[in-house]
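Student: Sharing a structure here in structure tokens format.
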Amino acid sequence: MKIIDVICSEGRTGFYFDDQKAIKMGATTDGLAYIGEPVTEGFKSIRVPGESISVQLVLEDGSVAVGDCAAVQYSGAGGRDPLFLAKDYIPFIEKNLVAWLKGLEAESFLKNAEELDAMEVDGKRLHTAIRYGVSQALLDAAAKAKKVTMAEVIKDEFNTAGISRRPIFTQSGDDRYLNADKMIIKHADVLPHALINNVETKLGKDGSILADYVKWLANRIKTLGEEGYNPRIHIDVYGTIGDAFNLDAEAQADYIISLEKIAAPYQLVIEGPMDAGNKDKQIECLAALTAALKAKNSTALLVADEWCNTFDDVVDFVNANAGHIMQIKTPDLGSVHNVAKAVLYCNERGFGSYVGGTCNETDISARCTTNVAMATEAFQVLAKPGMGVDEGYMIVNNEMNRVVALANRK
């Protein structure tokens, strides 16, 4: 079945674009807004509404497949592609992609996705957000043409074992107490993220502030959780442990083990323990910390986050034993077939595969990547978009249940 038409429309995401450079330079908050002048190209203010582009593919039978082009919260930073604004990129898609899309055989997802991902215009690859969203639409088109779920298309194209629910990881944002209650009441598999992005106010120079929070959280799970509820405690520390302990692997390991004991009986996961400033140094430092924890018989798990952005990055971190779990940042990988490849690479080598992404996505991109995660048996999946817990958890949880019911129908 062929694609016969392409329709693009502007959309909003579940969060915002933030000028990370301006924030690091000292921008202050005023409610939800930031005060100060933006410094990253394309930003008219430090925080702007997140934008997306819905790409709808009309098939010969009249059915419509959809994907949402979306980019991460901190667009334009850290070597990422520029700020993704719909008014700039809808004309680009209409000029450079519509003619190519029309006439494609919808059933051939992997072939189409690989061609899309390799495409160049004026010597440059397509913006990651475009590759991300158009590939979602191509996956949905294949599913509609074959009259199966997107997970079943991935299972068939990559010859995976099966389709199943995966643990859902919920993120709290700064409201780490009230939102933790939401997660516990809803029996989230993994919680709470917690946004520990400042040494002085959130970690503590000696780590005591985070230790107190982990103690509160473990007790809160016991208080609110029903019998048998046993979630993983996953804290994203944004490199602050490395900052507090001067990138000393032994000191960081000892601190993490102290948190592990406080979190017991719940499994402790620490995401992004340090930010070493570049990829090679990050791999070196994270590998050293991973080895130090192993030598001390720790059961805590480390998530590679900073400097682990693309499929090639995932491969390099895995090959260096830098961490136990790789965050697969879905918008940064371009086409969603790369997400499947990254998960399978991790799984085959005994590493955890965390299908993450950003709060700044949409319900469409969340549902699509959840299908990919289910078909490739990812270690866990991010509840997204947004920071409100309830909405993102609902979208991902309900999609999982629908897919399992459909894929297992007789």
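The values are calculated or read from the model by the stated rules, or taken from the named source; none is laboratory data. Just so you know, these numbers come straight off a predicted model, no measurement behind them. All Cβ positions, glycine included, derive from the backbone under ideal geometry; neighbour counts span all protein chains shown.
Student: Take Glu399 and tell me if it is assigned to a loop (DSSP other than H, G, I, E, B), modelled with pLDDT of 95 or more and within 19 Å of Asp140 (Cα to Cα).
Tutor: No, not satisfied.
Student: Of the numbered conditions (1) modelled with pLDDT of 95 or more; (2) over 11 Å from the mean Cα position of the chain (by Cα); (3) not charged (D, E, K, R), Cys308 satisfies every one except a single condition; which is it?
Tutor: (1)
Student: If you take the residues of region 81-106 that are surrounded by 15 or more Cβ atoms within 10 Å (Cβ to Cβ) and in a loop (DSSP other than H, G, I, E, B), which of them is farthest from the chain's Cα centre (by Cα)?
Tutor: Checked region 81-106; the qualifying residue farthest from the chain's Cα centre (by Cα) is Leu104.
Student: Continuing with the same structure: Quick test for you: out of Tyr238, Tyr213, pick the one residue that is outside any helix (DSSP H, G or I) and either modelled with pLDDT of 95 or more or not assigned by TED's automatic domain parsing to the domain that holds Leu32 (or both).
Tutor: Selected residue: Tyr238, the only one of Tyr238, Tyr213 that is outside any helix (DSSP H, G or I) and either modelled with pLDDT of 95 or more or not assigned by TED's automatic domain parsing to the domain that holds Leu32 (or both).
Student: Report the residue count in region 177-195 for those that are farther than 12 Å from Ile233 by Cβ and free of Cβ contacts under 8 Å to residues at least 60 places away in the same chain.
Tutor: 6
Student: Which of the residues that make up region 363-398 are polar (S, T, N, Q) and closer than 22 Å to Lys341 by Cα?
Tutor: If the condition is that a residue be polar (S, T, N, Q) and closer than 22 Å to Lys341 by Cα, then Ser365, Thr369, Thr370, Asn371, Thr376, Gln380 are the ones that fit.
Student: Another question, if that's okay. Limited to region 280-305, what total is found for residues that are among the basic types (Lys, Arg) and under 19 Å from the mean Cα position of the chain (by Cα)?
Tutor: Number of matching residues: 0.
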